[in-house]
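Quick notes on the structure that follows.
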């Protein structure tokens with residue numbers, strides 16, 4: 001149990017376009033989901049905390065108008081990278097916190113390349 | 001702020017034991033975690049330990065916690081090539097569910 005999926009697993013887009021990444025908890029409910037960004041050979045950088053039915057909480061330095069987060073249900077959170085630029089190219093990982101627990105379960109990640 | 005430190009690389013021979021070390025600075029840490037990340041994949045929770053425990057064993061994995069020295073280690077017995085990955089140490093504290101991650105230790109297992 002405790003499977004988190006992400007879609008797509010990789011995406012290439014042109015500069016200036018928007019890209020939506022989905023994060024789903026497949027077999028449990030997650031009131032809270034997290035979005036991370038990981039650069040090559042680096043650790044995970046928390047971008048924002050997504051709470052079901054309310055606005056996301058962004059970490060310092062993360063532009064909320066650029067990285068739109070929607071957590072419309074207990075099993076789905078989406079991250080939309082708006083007006084993407086090459087510097088947005090990265091590995092984006094989501095995680096889900098089981099409503100009844102304290103462990104985070106991570107998705108497999110989405111590789112975004114902006115050309 | 002809180003910090004989690006790990007060495008960046010570890011190379012071992014197949015069949016030997018691997019020991020990955022981690023130090024942290026937050027004395028109020030409640031849970032400490034070890035995650036495994038294979039190339040191009042997300043993080044897999046391997047094991048975790050509550051701060052009032054000294055040791056936890058799960059099959060080939062042994063976690064040791066020295067709370068006085070704020071030192072955490074992960075021992076992998078009989079290391080296999082499939083264990084090659086990046087291992088992240090992480091901690092949570094103060095009731096937060098958001099872990100602070102180390103930079104990861106790249107474990108290379110060679111024949």
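Want the number for residue B:59 to residue B:38: 0.36 nm per residue separation, take away the alpha-carbon distance, what's left? Please list the in-between numbers first.
On the way: separation 21, 0.36 × 21 = 7.56 nm, distance 1.98 nm.
Roughly 5.6 nm would be gained on extension.
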**Request:** Give me the distance in nm between label points sitting 7 Å out from Cα along the Cα-to-Cβ direction at residue A:7 and residue B:67, one decimal.
**Result:** 4.5 nm
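Averaged across the residues of B:39-48, what count of C-beta atoms belonging to other chains lies within 10 Å of each residue's C-beta? All intermediate terms of the calculation are to be shown ahead of the outcome.
Values: counts 0, 6, 7, 16, 11, 3, 6, 0, 0, 2.
Across the residues of B:39-48, the mean count of other-chain Cβ atoms within 10 Å is 5.
Compute the Cα gyration tensor for chain B, then decide on rounded, prolate or oblate, letting a ≥ b ≥ c be the square roots of its eigenvalues: rounded whenever a/c is under 1.5, prolate when a/b is larger than b/c in the other cases, and oblate in all that remain.
Values: a/c = 1.96, a/b = 1.60, b/c = 1.23.
Note, shape of chain B comes out prolate.
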**Simple label model, 7 Å out from Cα along Cβ direction - residue A:26 to residue A:73, nm** = 1.6 nm
**Asked** Averaged over B:92-101, how many beta carbons belonging to a partner chain fall within 10 Å of each residue's beta carbon?
**Response** 4
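Assign one of three labels to the stretch A:1-108, namely rounded, prolate or oblate, based on the Cα gyration tensor with a ≥ b ≥ c the square roots of its eigenvalues; rounded applies when a/c is under 1.5, prolate when it is not and a/b is larger than b/c, and oblate otherwise.
Prolate is the answer for the stretch A:1-108, as a/c is 1.5 or above and a/b outweighs b/c.
Find how much the distance from residue B:13 to residue B:96 grows on full extension, using 0.36 nm per residue of separation minus their present alpha carbon separation; answer in nm with one decimal. If you can, show how the numbers build up before the last one.
Numbers: separation 83, 0.36 × 83 = 29.88 nm, distance 3.80 nm.
Contour length minus Cα-Cα distance gives 26.1 nm.
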**Fill in**
Ordering B:64-76, A:58-70, A:33-45 by per-residue average of other C-beta atoms within 10 angstrom, highest first, gives A:33-45, B:64-76, A:58-70
**Request:** Can you tell me which of B:49-55, A:2-8 comes out highest on packing, and rank the rest after it, using the mean Cβ neighbours within 10 Å?
**Result:** A:2-8, B:49-55
**Prompt:** For the stretch A:55-115 and the stretch B:1-49, what is the separation of their Cα centres, given in Å?
**Reply:** 23 Å
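Each reported figure results from applying straightforward, stated rules to the coordinates on display, with no laboratory input. Just so you know, these numbers come straight off a predicted model, no measurement behind them. Cβ sites come from the backbone with ideal geometry, for glycine too, and all protein chains shown count toward neighbours.
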